[in-house]
Amino acid sequence: MKLYLKAFCLLLILAACNDSNTKQVYKPQSSGNINDLSVVIDNDLWNTSVGETIRSTIGAPLYGLPQDEPQFTLRQIPSSVFSGFVKNTRLILKIRKGIAAATKFYKDPYASPQRMVMVSGMTNQEISEQLMTNQDKIVKAFKRQEVQEKQRRTKKSLFNSTAISKQLGINIQFPSIYRLANQSDNFFWLRRDTKTGTVNLLLYTLPYTENTTKEALAKRVIKVRDSIGKQYISGPVDGSYMTTEKAYTPFFGETKVANLNSFETKSIWQVKDAFMSGPFINYWIEDKTNGRYLIVEGFVYAPSVGKRDYIFELEAIIQSISIKQ
């Protein structure tokens, strides 16, 4: 009996050891509003050129909005109070002075999901140089994290997009609060109401053309979206319709959507002969396999309120698209 008890105890000890070796460290759920960024930096450094650089790079205004709105809402936190639940914020930019110049990226250091970037330097100038050199990488890392978080929240209540999927041959995820405002052949207009206006999503296709230059495509984007506005998006006055604001210089760029090359346009729309306007984002996705451009546009009408979060919501929806094989 004693021998049996000793063997049993030995098995328990071994099992406990195995459990301790495989046990994963618990990390609390991260928290924070979408696009809220905690900047861990001491007060004296925040009020110098380093703070100014952070505000002009990571906290720069988002292009394509009628009024200046920062791409991230910056919340400065002194190092002395960066502890406890404060560490659970989803986005963290940490500044350290007095060590070698570097920019390092971390995933889930204190909570999950979480993205932290630590920027360091021996002097203020070195830290500022790191921020300016790596600002695109830093913004991209934070934005990717927030798109994933927005998509995770969206999945809690999804719109039934079967009709869109069947007609356009795509998968797309967006909240059930949206409704179908118009459908015609390969054209879909989805929208949701807000307290002061609407958030809108357009999807349609056009034949793909080879060897189109960026300049030619940019002109075609504006021409096509204006014709779509005239055909489908009417204004409150007879004969009025949505068009592109001519006084605002559009941003044209190249990116990826659904892992395909895409042409991106950001600018301001307006309604002809009416006092209505707002921001839009437009993507021409090169679906060469199906010989077409899949065109996806989001636009916002939200007078008297910020529009950044609405545009970001549309970007997260657009980034959820995949082409059905």
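The values are calculated or read from the model by the stated rules, or taken from the named source; none is laboratory data. As the structure is a prediction and not an experimental result, all values here were calculated from the model. Note that we place each Cβ from the backbone using ideal geometry, even for glycine, and neighbour counts take in every protein chain shown.
Miscellaneous remarks
- Within segment 263-299, if we keep just the residues that are polar (S, T, N, Q) and part of a helix (DSSP H, G or I), the residue that is surrounded by the fewest Cβ atoms within 10 Å (Cβ to Cβ) turns out to be THR289.
- Residue satisfying condition, being surrounded by fewer than 18 Cβ atoms within 10 Å (Cβ to Cβ) and either in the same structural domain as THR244 (by TED's automatic domain parsing) or free of Cβ contacts under 8 Å to residues at least 12 places away in the same chain (or both), within set VAL81, VAL86: VAL81
- In segment 204-219, the residues that are farther than 15 Å from GLY253 by Cβ reach residues that are of a type in the set (Phe, Trp, Tyr) and surrounded by 10 or more Cβ atoms within 10 Å (Cβ to Cβ) with C-beta atoms within less than 8 angstrom, at least six apart or across chains, in these pairs: TYR204/PHE187; TYR204/PHE188; THR205/TYR293; LEU206/TYR293; PRO207/TYR293; TYR208/TYR293.
- Some residue of segment 235-256 being touching a Phe, Trp or Tyr at 6+ places or on another chain (Cβ under 6 Å) and more than 23 Å from ARG308 (Cβ to Cβ): yes
- Segment 130-145, residues that are out of contact with any strand residue (DSSP E or B) (no Cβ under 7 Å at 6 or more places or on another chain) and either assigned to a loop (DSSP other than H, G, I, E, B) or surrounded by 15 or more Cβ atoms within 10 Å (Cβ to Cβ) (or both): GLN135, VAL139, LYS143
- Screening TYR283, TYR310 for residues that are in contact (Cβ under 8 Å) with a residue 40 or more places away in the chain and not small (Gly, Ala, Ser) leaves exactly one candidate, TYR310.
- Whichever residue in segment 59-78 is part of a strand (DSSP E or B) and among the polar types (S, T, N, Q) and, among such residues, is surrounded by the fewest Cβ atoms within 10 Å (Cβ to Cβ): THR73
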